[in-house]
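What follows is a short report on a single structure.
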Amino acid sequence: MTGSLANGNRTNNGFIIPLAADPSDDGHVSALGGRIETQLNADWKVRAETAAEWGRRNGRDMGDWKQRLHVGYEFLSGDDPASARNEAFDPLWGRWPQWSELYGPYTYGSETRTGETTNLNRLNLGWAAKVHPTTEISLDYHAVFADENSKCGSAGFSCGDKFRGHLVAAWARAKFDKHVSGHLMAEYFFPGDYYIAPKGDEAYFLRAELLLTY
């Protein structure tokens, strides 16, 4: 088989094959990503990478993710230990993980009851995107404060600081069809000075779930 160029086209055994410019360069693409790498031991290393792209390519928008941002604020009054009244807001039947699988259900057990979230100022900033027809991901940051130092004098609680800490949550939710769905989620809590020894440790929560529905 032989070939040559003629008038900007390639000839192959007498057949003319037009040469077209690669259309992948027609557009403007932005990318944002990151990588985490850790050496577990002398034999094993773990690395995770992710990247997102957006812009226009070949006359079409890239990555129509239906993105959305959300901002929220929540206030639940706390009990002032210096008064004779109980000013703490009662969540009634709200004892379930409304915004965190880690912080509310497990942290409040030493203050009120498991999952009974009260005495709270919470500022939330989050982002979510439909990255695939079957999959949505979301990232949330929560700055968490107490309204009152209601547990002042109890082991593990300060009397002079109301900052509970930082909470970061990440979710990947997928629904593959009417029978199969699931999610991956991770949360990390970095405590503030509202907590003192023997409390005040960092906390992590991970979960993977697969549902088969019939």
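Things to note:
- Qualifying residue in region 171-191 (condition: among the hydroxyl-bearing types (Ser, Thr, Tyr), within 21 Å of the chain's Cα centre (by Cα) and more than 15 Å from Leu102 (Cβ to Cβ)): yes
- Pairs, first in the same structural domain as Gly126 (by TED's automatic domain parsing) and in contact (Cβ under 8 Å) with a residue 40 or more places away in the chain in region 161-176, second surrounded by fewer than 16 Cβ atoms within 10 Å (Cβ to Cβ) and among the small types (Gly, Ala, Ser), C-beta under 6 Å, six or more apart: Ala174/Gly182
- Selection count, region 185-210, where residues are among the acidic types (Asp, Glu) and surrounded by 16 or more Cβ atoms within 10 Å (Cβ to Cβ): 1
- Selection count, region 156-170, where residues are part of a strand (DSSP E or B) and closer than 17 Å to Glu111 by Cβ: 5
- If you check Ala52, Ala20 for being modelled with pLDDT under 85, part of a loop (DSSP other than H, G, I, E, B) and either outside the structural domain of Gly192 (by TED's automatic domain parsing) or surrounded by fewer than 10 Cβ atoms within 10 Å (Cβ to Cβ) (or both), only one passes: Ala20.
- Any hit, region 172-184, residues being surrounded by fewer than 19 Cβ atoms within 10 Å (Cβ to Cβ) and in contact with a Pro (Cβ under 6 Å, 6 or more places away or on another chain): no
- Residue within region 147-155 that is surrounded by 14 or more Cβ atoms within 10 Å (Cβ to Cβ), assigned to a strand (DSSP E or B) and of a type outside the set (Ser, Thr, Tyr) present: no
- Screening Gly94, Gly126, Gly72, Gly115 for residues that are assigned by TED's automatic domain parsing to the domain that holds Phe205, out of contact with any Cys (no Cβ under 8 Å at 6 or more places or on another chain), outside any strand (DSSP E or B) and within 22 Å of Pro191 (Cβ to Cβ) leaves exactly one candidate, Gly115.
The values are calculated or read from the model by the stated rules, or taken from the named source; none is laboratory data. Keep in mind the model is a prediction, meaning the values are calculated, not measured. Every residue, glycine among them, receives a Cβ derived from its backbone with ideal geometry; neighbour counts consider all protein chains shown.
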